[in-house]
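The values are calculated or read from the model by the stated rules, or taken from the named source; none is laboratory data. Quick caveat, the model's predicted, so the values are computed rather than measured. Using ideal geometry, Cβ is built from the backbone for each residue, glycine included, and neighbour counts are taken over all protein chains shown.
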Amino acid sequence: MDLITFPAGDYLPHAVIASWSTFAPGRPRHLFVLEPEEASCIDIVEPVSCYHIAICQGDPKQCQDWVNRHYQLLPEDYFTLRPDNDSKALCCRHNYSDGRRLIIIWMCVPPRELASCIFSILAHEALHAAYTIMRGMGMDPDFANEEWTAYTIQFLMNNYTQSIGIPVPITE
């Protein structure tokens, strides 16, 4: 099972508690919606390449602090979201101090009326992540390995949607 953690501490933000307890009662996990100044991070290991992938969403400071602490990045390799950068999402690659590989996807929290756009933003960033993984494995992204790219994006999207409480059927 994927790990959902909240960089501000070892507790769920109030909006998450409220939405998990009210959305589709009876289901073991429920869709959560983040509010401004809240953050979440989902830790995933891609099984073929063994890349660790952090999908972070929300407050940039909380996300970067969590990533640097959780993955024990060295100060010279710290993940930093620049305050002058007004982008809504990004995908970048880092290395652990012991040589393992990490991909970080960060996304802002969209306004509630645009919340569904988070899936298209994640799909966009997941393509960057898939290409990074492929290059790290010595593959050149092209039409010859398009299916591998599609499965990697599907894997990342499924992990995200399962983590936020949307049931995803197991696929082959």
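List every residue pair whose Cβ atoms lie under 6 Å apart, where the two residues are 6 or more positions apart in sequence or sit on different chains, the first residue falls within segment 43-67 and is over 17 Å from Gln162 (Cα atoms), and the second residue, located anywhere, is basic (Lys, Arg).
Close Cβ pairs satisfying both conditions: Tyr51/Arg101.
State the number of residues belonging to segment 112-123 that are closer than 23 Å to Lys61 by Cβ, out of contact with any Pro (no Cβ under 9 Å at 6 or more places or on another chain) and without any contact (Cβ under 8 Å) to a residue 40 or more places away in the chain. Reasoning before the result, please.
Kept after step one, since they are closer than 23 Å to Lys61 by Cβ, are these residues of segment 112-123: 112, 114-115, 117-118, 121-122.
Now drop any that are not out of contact with any Pro (no Cβ under 9 Å at 6 or more places or on another chain), which leaves 112, 114-115, 122.
After this cut, where a residue has to be without any contact (Cβ under 8 Å) to a residue 40 or more places away in the chain as well, the list is 114.
Number of matching residues: 1.
Being within 24 Å of Ile153 (Cα to Cα) and outside any helix (DSSP H, G or I) is the filter here; which residues of segment 60-94 pass it?
Listed by number, the residues that qualify are Tyr71, Phe79, Leu81, Ser87, Lys88, Ala89, Leu90, Cys91, Cys92, Arg93, His94.
Exactly one of these conditions fails for Leu81: (1) over 23 Å from Asp140 (Cα atoms); (2) at pLDDT 85 or above. Give me its number.
With respect to (1) over 23 Å from Asp140 (Cα atoms); (2) at pLDDT 85 or above, Leu81 is out only on (2).
Check segment 141-153 and report whether any residue there is out of contact with any strand residue (DSSP E or B) (no Cβ under 6 Å at 6 or more places or on another chain), within 15 Å of Ala54 (Cα to Cα) and modelled with pLDDT of 90 or more. Break it down stepwise before answering.
The initial filter retains those residues of segment 141-153 that are out of contact with any strand residue (DSSP E or B) (no Cβ under 6 Å at 6 or more places or on another chain), namely 141-153.
When the remaining residues are screened for being within 15 Å of Ala54 (Cα to Cα), the result is 152-153.
Next, only the ones that are modelled with pLDDT of 90 or more stay: 152-153.
Yes, because at least one residue in segment 141-153 is out of contact with any strand residue (DSSP E or B) (no Cβ under 6 Å at 6 or more places or on another chain), within 15 Å of Ala54 (Cα to Cα) and modelled with pLDDT of 90 or more.
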